Amino acid sequence: MIYRAAIFDMDGTLVDTLEDLADSVNEMLAHYNFPQRTVDEVRKFVGNGAKKLMERALPAEKSADENFVLEALKCYDGCYSRHVLNKTKPYDGIMEFLSELQTKKIPLGICTNKQNFAAQIIAEKILSPIKFSKVIGDEKDKPRKPDPTRVLEISESFGVQPAEVAYFGDTAVDMNTAKNAGFFSIGVTWGFRPESELIESGAKIIVHHPKEILQKINFSAQ
């Protein structure tokens, strides 16, 4: 099969954002004098959007209070806007791989459940000079992954059929997104979840380093 487009998750797939996410969560928790969370805890909390991250990070009695969760989310957004570029960096080999796809004139897109403002900043500042044709983060009134609406919006803008799209991610949410959209799913093991989760959620291929991808998948713009 020849794939004519590539769509990526962001956190845990293209860039390592974990420390900035953990620092932002803990700054929010400190604001309310709540106990801090470890980096490994935050690793398990992310993947379903910032609101769900708040529900998981807050003390149980607070996570059940919808109004408080929304208040904490607003505080967290402010914290993350200050931390978003502090420690975040592309994973080893990602920039070289993306550059090869760009040379092949493969249209590139990003769909993430992280806040849209952060997705745009990271794509512009951390992943430059790679040009993504479409970057979509979490926005009000738009469904989050694994709902396929947003990734299908990207593939339609590329003018390709779902079966011609290779979709990359590091979580079950991503593998289910690809399945729901009719994309070919590639699970990456350098991110936030174990390989077993990717296999159990139906990844078609597992890769351990970006340099493996072009050996296993045939990309062509023609």
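The values are calculated or read from the model by the stated rules, or taken from the named source; none is laboratory data. Everything numeric in this text was worked out from a predicted model, so none of it was measured. Note that we place each Cβ from the backbone using ideal geometry, even for glycine, and neighbour counts take in every protein chain shown. Ligands, DNA and RNA are stripped out before the accessible areas are found, and what is left, the full protein with its side chains, is counted by its heavy atoms. Shrake-Rupley method; radii C 1.70, N 1.55, O 1.52, S 1.80 Å.
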Ranking by accessible area, most exposed first, for H83, H31, H208 with a 1.4 Å probe:
H31, H208, H83
In sequence order, what are the phi-derived ³J(HN,Hα) couplings for the stretch 196-213 according to the Karplus relation 6.51 cos²θ - 1.76 cosθ + 1.60 with θ = phi - 60°, rounded to whole Hz, with x for glycine and proline?
4, 5, 5, 5, 5, 8, x, 4, 6, 9, 10, 10, 9, 7, x, 5, 6, 4
Ratio of alpha-carbon Rg to the 2.2 N^0.38 Å globular estimate for the stretch 178-222, to two decimals, please.
1.21
Rounded to the nearest 10 Å², the accessible area of K89 using a 1.4 Å probe with every protein chain kept is 100
Roll a 1.4 Å probe over the protein chains and send me the accessible area per residue for the chain in Å².
45
Please report the accessible area of T38 (heavy atoms, 1.4 Å probe, ligands and nucleic acids excluded) in Å², nearest 10.
80
Between helix 66-83 and the chain: long-axis angle, C-alpha atoms, 0 to 90°, nearest 10
60
Starting at 0 and stepping by 5 Å, how many percent of the alpha carbon pairs of the chain end up in each bin?
1, 7, 15, 20, 20, 16, 10, 6, 3, 1, 0, 0
If you take the charge dipole of the chain about its Cα centre, with +1 on Lys and Arg Cβ and -1 on Asp and Glu Cβ, which of F192, C75, Y91 is farthest toward its positive end?
Y91
Three semi-axes of the equivalent ellipsoid, the stretch 109-222, Cα gyration tensor, whole Å, largest first:
20, 17, 16
Using modelled amide H (1.01 Å from N, peptide plane; none on Pro or chain starts), what sits under 5 Å from the amide H of K87, excluding residues fewer than 5 places away?
D20
How large is the Kirkwood hydrodynamic radius of the stretch 90-161, in angstrom, based on all distinct alpha carbon pairs?
13.0
Accessible surface of the chain, 1.4 Å probe, proportion on carbon and sulfur as whole %:
49
Among E100, E195, E55, what's the order by accessible area (1.4 angstrom probe), most exposed first?
E100, E195, E55
Among Y76, Y32, what's the order by accessible area (1.4 angstrom probe), most exposed first?
Y32, Y76
For the Cα atoms of the chain, what angle does the longest principal axis make with the long axis of helix 149-158, in degrees from 0 to 90, nearest 10?
40
What share of all Cα pairs of the stretch 1-120, in percent, falls into each consecutive 10 Å distance bin?
13, 42, 26, 14, 6, 0
Exceeding the 21 Å Cα-Cα cut-off - candidates K104/K211; K87/K142; K89/K125:
K87/K142
Any idea what angle helix 116-125 forms with the longest principal axis of the chain, computed on alpha-carbon atoms, 0 to 90 degrees, nearest 10?
60
